[in-house]
């Protein structure tokens, strides 16, 4: 059945205009983004097929080549899906400066939507003033973490440049499991010591996984 054959009130675009985006299903929202279906299936059927195979989090992370191979959609639609989710991640990351960090939950709430779904490890520093207000965030490294890529000099250079009083370390585990490795623990303790020498407190190191996180401070690892 073509979308135009549906009653007007059941067509995704018309439903959004009348009822608002928050009242549409995931499939209806995706149908609006994709606009048209594939040969032999309308766009709503295509959207339902995608969400029958993937939940929304999995769909946000799936490779374009996999969408082409497993679902049979072309480059244009695969790129539309990827662009849609990337905009969502960028919105989640938008304008963090000025947030006051009262506890670990505050920082996890801000960064988990952005970093929890990343496919590569990202190591980030979040720099705070004396009132624990975010003054800067910086991605320091992307890729597998090891001793050759974690340089205290770079982490604390940014802190000194920004006159930061403290910082919080963040990195994600693409596996979804935020359990720290022995290296995670070792390098964190070294960075805490370096911060103490410079008078810049490392308040916490938070590992972000799939809808969950681990705080070194809460686990008494620092």
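Scanning region 19-36 for residues that are surrounded by fewer than 11 Cβ atoms within 10 Å (Cβ to Cβ) and either modelled with pLDDT under 90 or part of a helix (DSSP H, G or I) (or both) yields a count of 2.
In region 100-117, the condition of being under 22 Å from residue 202 (Cα atoms), part of a loop (DSSP other than H, G, I, E, B) and at pLDDT 90 or above is met by no residue.
Could you list, in sequence order, all residues of region 167-188 that are assigned to a helix (DSSP H, G or I) and surrounded by 14 or more Cβ atoms within 10 Å (Cβ to Cβ)? Steps first, answer last, please.
Restricting attention to region 167-188, the residues satisfying the condition of being assigned to a helix (DSSP H, G or I) are 182-188.
Within region 167-188, 184, 185, 187, 188 qualify.
One residue is enough: does region 157-166 have a residue meeting the conditions under 29 Å from residue 63 (Cα atoms), surrounded by 14 or more Cβ atoms within 10 Å (Cβ to Cβ) and touching a strand residue (DSSP E or B) at 6+ places or on another chain (Cβ under 9 Å)? Within region 157-166 (the criterion being under 29 Å from residue 63 (Cα atoms), surrounded by 14 or more Cβ atoms within 10 Å (Cβ to Cβ) and touching a strand residue (DSSP E or B) at 6+ places or on another chain (Cβ under 9 Å)), the answer is no, since none of the residues qualifies. If you go through region 37-59 and keep only what is free of Cβ contacts under 8 Å to residues at least 60 places away in the same chain and surrounded by fewer than 17 Cβ atoms within 10 Å (Cβ to Cβ), you end up with 38, 39, 40, 41, 45, 51, 52, 53, 55, 56, 58.
The values are calculated or read from the model by the stated rules, or taken from the named source; none is laboratory data. The model shown is predicted, which means the values in this text are computed figures rather than measured ones. Here Cβ is always computed from backbone atoms with ideal geometry, including for glycine, and neighbour counts include all displayed protein chains.
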